[in-house]
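The structure appears below as structure tokens.
The values are calculated or read from the model by the stated rules, or taken from the named source; none is laboratory data. Bear in mind that the values here come from a model prediction, so they are computed numbers and not experimental data. Note: ideal-geometry Cβ built from the backbone for every residue, glycine included; neighbour counts use all protein chains shown.
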Amino acid sequence: MNKTLSSRLFGPKAWAALLAFTLVTVVLVPVLNLAVPEGSAFHLSTYWVTLIGKIMCYAIVALAMDLVWGYTGILSLGHGIFFALGGYAMGMYLMRAIGREGNYQSDLPDFMVFLNWKELPWYWQGTEHFLWAMLLVVLVPGLIALVFGFFAFRSRIKGVYFSIITQALTYAAMLLFFRNETGFGGNNGFTDFKRILGFAITAPETRVTLFALTALALAGFLLLGRYIVTSKLGRVLAAIRDAESRVMFSGYNPLPYKLFIWTLSAVICAIAGALYVPQVGIINPGEMSPANSIEIAIWTAVGGRGTLVGPLIGAGLINGVKSWFTVAFPEYWLYFLGLIFILVTLWLPRGVVGQLQAWFNKKEERA
Amino acid sequence: MTPILARIRTTCAALAVGLFSVCALARPAPELVLQLATGDNDAKITALAALAGSADPEVLPLLEALRDDTLKSLEGKRAIIYDGETATDALTGEKLATVPDELEDVVSNNRVTQALDAAFAAFNLGADDRATRLDAARTLQEAATPAIRPLLEKALANEKDAQIGGILRLTLAATQLRDADRAVRLSAIRMLGESGEPNARALLGSLLEKDGANYREADESVRVAAQQAINSINSHLKLGEALGSAFTGISLGSILLLAALGLAITYGLMGVINMAHGELIMIGAYATYMVQNLVQAHAPGLFAFYPLLAIPVAFCASALVGILMERLVIRHLYGRPLETLLATWGISLVLIQLVRNVFGAQNVMVENPAWLSGGVQAMSNLILPYNRLAIVAFAIIVVIGMSLILTRTRLGLFVRAVTQNRQMAGCVGVATPRVDTLAFGLGSGIAGLAGCALSQVGNVGPDLGQSYIIDSFMVVVLGGVGQLAGTVYAALGLGILNKLLEGFAGAVLAKITVLVVIIVFIQKRPQGLFAVKGRFADN
């Protein structure tokens, strides 16, 4: 491979598109939201900033899913647990940052006062420090993924078995977090955040900053993903997806490869969760429900597995439609989502982007 | 027994009863009657107990008068029964010429009413009807006082029924605990100790309590006996609890088994991962609901049998939906298990919303017919509900039926053939696509049966299926693919393990522990409990 790193990752057009995306999200959106007056036709309301920010978080999750499913053939139905754990770690910091401004004017978060707890549980220690909380965002889901993945991949659980066990994993975690005694606010989770790093969390400036950070994270993870799938590591992963036995017969041990991509994917998910919580303002165990995790798979499938841009588009499409549908005809959203599941698997197995690529390739062949 | 001997016996019994009533033909003690009409509540209660204890049929009209509020007091000196027209002296039975104006109502509070019930029960102990006697014995057990002892002894002497006799003996023992005779107290304690009843334990416990400095029971050896009796009751109750949790475990296991059996065919044998399996269960439950409504509307007389009618309907409804699913969607995805998973998840979403739109998002009412409600009282603290027993029996029948279908019918033979080697089966002339459809229909129909059974023990709502899908997949994964026996053992094992852990750790932690156990178990045996032996390549 004689190509430079930049040309290995993207062609010139794609680089331009990525640059444009970054400029729009980091410069244009803040300007339209903050500098353009509210009455103007060009003003971008905070509602849209929050909504798009949220969808970008989902897009990061879909990207993480694509790395394990699209490129390595491991379908996880439990990615919600990593997303939620990242969110909870961030939420712990945000809860501590409320300080004494809660309803009970206590140093402890409100729900602990409500449970009549006198002091913080050990796992809450240090969460008032932003850096420690950010470390938790990465470490906790990463470790869980590493341990779970090690045992699962070592005994060569794969395919549907693996999917079902990951689903059980997130289900168990959801049940655990629903309990008040677990110490994460039970049913209600965390909400009513006041500030992050001293900035008011509802201030437009804070929101725009979080939005820009999410966009940068998205672009960064896209580059990282591209770096991985174009490397030798990426080829081994694709080989594992296509014929794991042959990879083993060729002298490779799939365990470290799978474990690496699985853990990385979990960490990316967790970071998306950590970005999601301050923008949406709530985290509760519902994020861990099996239904949520399986939806992630359909974002990826709709956009196109095995293409890195596809899942981003899929997540954007489905969640865009969802936020419109659930307002306009909430009754029919499940029909729509259900039909997407069925139709995409039946007639669009490559996803939107994959299908487009196939058409272009055909055209080029003809030409 | 020869007929003559039998007749002699009957005659003797009749004679005894006759004698008994002749002896009792005395007027009730006058001071008791007066106390009843004119005394305060405590006096009334003592009087009632004494009157009931006398077992005198003459007392009955008096008690009825008190119950019907026709017993009046006249100037606090005489008891008059006034039925709206004539006034009779309750003591002498003579009619008063004129109805006096100053008649006062006898007011009874709750405690008096209870004592009155007990008194009536005392009379009902002599009734011919067994159910009446049983009722009476139970009422008396609640309100055992030393005053009714003679009555209990008499009733016991005449009682032939073992169950009623047992209750009476316990009641008698309860009244004997304060007897002056140490031997009587000891035998009463032994009696109560053997009963295993929680309220007998409370009675015995009261002997060990202190009134001021002294024990209520002065005799040391009697106290020791009481303590032993309490211990024996405790161990009896513990046994009951253990059996109870074993039973709930088995019943949960049968529910899991019913829910997972269909999956054992569609996933275990055919390798189709059907995330809409839970919704097929839900459809079975709603089919049962519709049958219930139809029967109630058009043939209320058959209501008792509607679950039996619902069984085939639920089977057919779910089987039909399953066949449609197979023909329209799943057929095109064979060999792509992950896509099948997603597509069937989509189907499940559509089905849930469909049911919500048709039946509403709320749970619907499915009632137990009379023969499925209530339960057997197996031990003092162990009741086996009929609907749970029925589910266990139903699960057994379905398992047997299914294994017969798989091993004894042509369809079963084809299904097994296609499972083992699709191409080879096709080569020897098995119509594999048709077998796929039928097998999938069979698995779905069994899900419908599970729904029919579940509707009798739990809520029926659009989300019914979602709560079973993960559990039933766990059963199949644990049991091993392609084996019915594995499914059976896994379901029962998980059910019992779950209930055992619930005792220590609560429902949620138990569930989490079970999931962790499964994940760890699969480390050791990735193919499940019962692996099919053979040489398969993994893809």
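Details
- Check on A:Ile74, in a helix (DSSP H, G or I) and either small (Gly, Ala, Ser) or at pLDDT 85 or above (or both): no
- Among the residues of segment A:47-85, those identified as among the aromatic types (Phe, Trp, Tyr) and more than 17 Å from A:Tyr161 (Cα to Cα) are A:Tyr47, A:Trp48, A:Tyr58, A:Tyr71, A:Phe82, A:Phe83.
- Scanning segment A:311-343 for residues that are among the aliphatic types (A, V, I, L, M) and within 14 Å of chain B (Cβ to nearest Cβ) yields A:Ile318, A:Leu334, A:Leu337, A:Leu339, A:Ile340, A:Ile342, A:Leu343.
- Check on B:Glu159, modelled with pLDDT of 75 or more and among the charged types (D, E, K, R): yes
- Here segment B:174-193 is the region considered, the condition is being free of Cβ contacts under 8 Å to residues at least 24 places away in the same chain and assigned to a helix (DSSP H, G or I), and the residue that is surrounded by the most Cβ atoms within 10 Å (Cβ to Cβ) is B:Ala188.
- Qualifying residues in segment A:16-70 (those that are in contact with a Gly (Cβ under 7 Å, 6 or more places away or on another chain) and among the aliphatic types (A, V, I, L, M)) - the one nearest to the other protein chains (Cβ to nearest Cβ): A:Ala62
- Sub-9 Å Cβ pairs linking a first residue in segment A:112-130 that is surrounded by 14 or more Cβ atoms within 10 Å (Cβ to Cβ) to a second residue that is of a type in the set (Asp, Glu) and not in a helix (DSSP H, G or I), at least 6 apart or interchain, are A:Met112/A:Glu119; A:Leu120/A:Asp107, ordered by first then second residue.
- Against the conditions (1) within 14 Å of chain B (Cβ to nearest Cβ); (2) loosely packed, with under 15 Cβ neighbours inside 10 Å; (3) of a type in the set (Asp, Glu), A:Glu244 satisfies every one except (2).
- The residues in segment B:376-393 that are surrounded by fewer than 16 Cβ atoms within 10 Å (Cβ to Cβ), within 22 Å of B:Glu194 (Cα to Cα) and among the small types (Gly, Ala, Ser) can be counted, and the count is 1.
- Taken together, B:Ser455, B:Ser467 contain a single residue that is surrounded by fewer than 24 Cβ atoms within 10 Å (Cβ to Cβ) and over 12 Å from B:Gly262 (Cβ atoms), which is B:Ser467.
- Selection from segment B:70-91 of residues that are free of Cβ contacts under 8 Å to residues at least 60 places away in the same chain, part of a loop (DSSP other than H, G, I, E, B) and either surrounded by 10 or more Cβ atoms within 10 Å (Cβ to Cβ) or outside the structural domain of B:Gln35 (by TED's automatic domain parsing) (or both): B:Thr70, B:Glu75, B:Gly76, B:Asp83, B:Thr86, B:Ala90
- B:Pro312 assigned to a helix (DSSP H, G or I), touching a Pro at 6+ places or on another chain (Cβ under 7 Å), more than 28 Å from A:Thr166 (Cβ to Cβ) and more than 9 Å from chain A (Cβ to nearest Cβ): no
- Residue match in segment B:119-133 (condition: among the polar types (S, T, N, Q), within 23 Å of B:Gly196 (Cβ to Cβ) and in the same structural domain as B:Ile189 (by TED's automatic domain parsing)): no
- Within segment B:12-51, being modelled with pLDDT under 50 and in a helix (DSSP H, G or I) holds for B:Cys12, B:Ala13, B:Ala14, B:Leu15, B:Ala16, B:Val17, B:Gly18, B:Leu19, B:Phe20, B:Ser21, B:Val22, B:Cys23.
- Residue list for segment A:1-46, filter: over 30 Å from A:Ala203 (Cα atoms) and not small (Gly, Ala, Ser): A:Met1, A:Asn2, A:Lys3, A:Thr4, A:Leu5, A:Arg8, A:Leu9, A:Phe10, A:Pro12, A:Lys13, A:Trp15
A quick yes/no check of all residues on (1) at pLDDT 95 or above; (2) on the phi > 0 side of the Ramachandran plot:
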| position | (1), (2) |
| --- | --- |
| A:Gly189 | no, yes |
| A:Thr202 | no, no |
| A:Thr263 | yes, no |
| A:Tyr276 | yes, no |
| A:Val280 | no, no |
| A:Ile294 | no, no |
| A:Gly303 | no, no |
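- Residue count, segment B:332-349 (criterion: more than 7 Å from chain A (Cβ to nearest Cβ), within 22 Å of A:Phe336 (Cα to Cα) and surrounded by fewer than 24 Cβ atoms within 10 Å (Cβ to Cβ)): 1
Residue-by-condition table, conditions (1) surrounded by fewer than 17 Cβ atoms within 10 Å (Cβ to Cβ); (2) among the polar types (S, T, N, Q); (3) outside the structural domain of B:Met379 (by TED's automatic domain parsing):
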| position | (1), (2), (3) |
| --- | --- |
| B:Glu217 | no, no, yes |
| B:Glu220 | yes, no, yes |
| B:Val224 | yes, no, yes |
| B:Ile233 | no, no, yes |
| B:Leu239 | yes, no, yes |
| B:Thr248 | no, yes, no |
| B:Ser251 | no, yes, no |
| B:Leu257 | no, no, no |
| B:Ala264 | no, no, no |
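- Pairs, first in a helix (DSSP H, G or I) in segment B:413-435, second hydroxyl-bearing (Ser, Thr, Tyr), C-beta under 7 Å, six or more apart: B:Val418/B:Thr432; B:Arg422/B:Thr432; B:Ala425/B:Thr432; B:Gly426/B:Thr432
- The set of residues from segment A:7-21 being in a helix (DSSP H, G or I) and surrounded by 13 or more Cβ atoms within 10 Å (Cβ to Cβ) comprises A:Arg8, A:Leu9, A:Ala14, A:Trp15, A:Ala17, A:Leu18, A:Phe21.
- In segment B:105-124, the residues that are touching a strand residue (DSSP E or B) at 6+ places or on another chain (Cβ under 9 Å) and either part of a loop (DSSP other than H, G, I, E, B) or surrounded by 14 or more Cβ atoms within 10 Å (Cβ to Cβ) (or both): B:Val106
- A:Leu346 at pLDDT 90 or above, facing chain B (nearest Cβ under 8 Å) and more than 30 Å from A:Thr50 (Cβ to Cβ): yes
- Qualifying residue in segment A:301-321 (condition: surrounded by fewer than 16 Cβ atoms within 10 Å (Cβ to Cβ) and free of Cβ contacts under 8 Å to residues at least 12 places away in the same chain): no
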